[in-house]
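J.: One structure, pasted below without further comment.
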Amino acid sequence: MVNPGSSSQPPPVTAGSLSWKRCAGCGGKIADRFLLYAMDSYWHSRCLKCSCCQAQLGDIGTSCYTKSGMILCRNDYIRLFGNSGACSACGQSIPASELVMRAQGNVYHLKCFTCSTCRNRLVPGDRFHYINGSLFCEHDRPTALINGHLNSLQSNPLLPDQKLLQ
């Protein structure tokens with residue numbers, strides 16, 4: 001198990017030193033035949049779990065991801081933080097410490113989360129419409145929406161995302 005964000009390699013482990021290793025998850029001694037090394041710590045294979053889905057990470061792959069104090073499997077990392085870490089509107093990277101807004105799996109800088117028509121920023125509590133990859137405020141929603149002819153519409157109350165810390 002390798003943490004992609006960590007450049008450190010595990011110190012060599014010999015058979016006689018296994019009993020001295022402590023699990024970062026449960027704090028117990030690791031006397032198992034197999035142990036995992038992630039986030040500069042050793043883990044029992046049963047203790048290194050995804051913070052979201054509780055999958056045992058040693059069973060589902062050879063990598064894990066960490067962000068906002070969570071240990072995540074690849075699927076949950078992408079679901080929570082997006083695939084590229086870039087704003088869907090401007091394409092620029094989003095620092096881990098920055099607040100973000102989300103719509104339909106896309107991630108945006110707060111300043112980029114704006115109505116496609118009037119360019120007003122959408123804020124928590126605003127209603128918005130997400131149509132074919134574009135955001136619209138309640139006032140500027142397409143006329144077809146009012147007449148009920150737009151089937152692909154997603155209408156959502158706007159909620160802020162949690163602050164992301166690395």
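J.: Within the accessible area of the range 25-76, what % is carbon and sulfur when the probe is 1.4 Å and the other protein chains stay in place? Kindly include the intermediate steps, with their values, before the conclusion.
T.: Details: 1300 of 2810 Å².
Whole-percent figure for carbon plus sulfur exposure: 46.
J.: Then there's this: What distance in nm lies between label points placed 7 Å from Cα along the C-beta direction at Val123 and Gln92?
T.: Modelled inter-label distance: 2.1 nm.
J.: At 7 Å along the Cα-to-beta-carbon direction for both Ser63 and Thr143, put a label point, then send me their distance in nm to one decimal.
T.: Those two pseudo-labels are separated by 4.9 nm.
The values are calculated or read from the model by the stated rules, or taken from the named source; none is laboratory data. Being a predicted model, the structure only gives us computed values, none of them experimental. Please note: Cβ atoms are built from the backbone with ideal geometry, for glycine as well, and neighbour counts cover all protein chains shown. Just the protein is used for accessible areas: all its heavy atoms, side chains included, with ligands, DNA and RNA removed. Shrake-Rupley method; radii C 1.70, N 1.55, O 1.52, S 1.80 Å.
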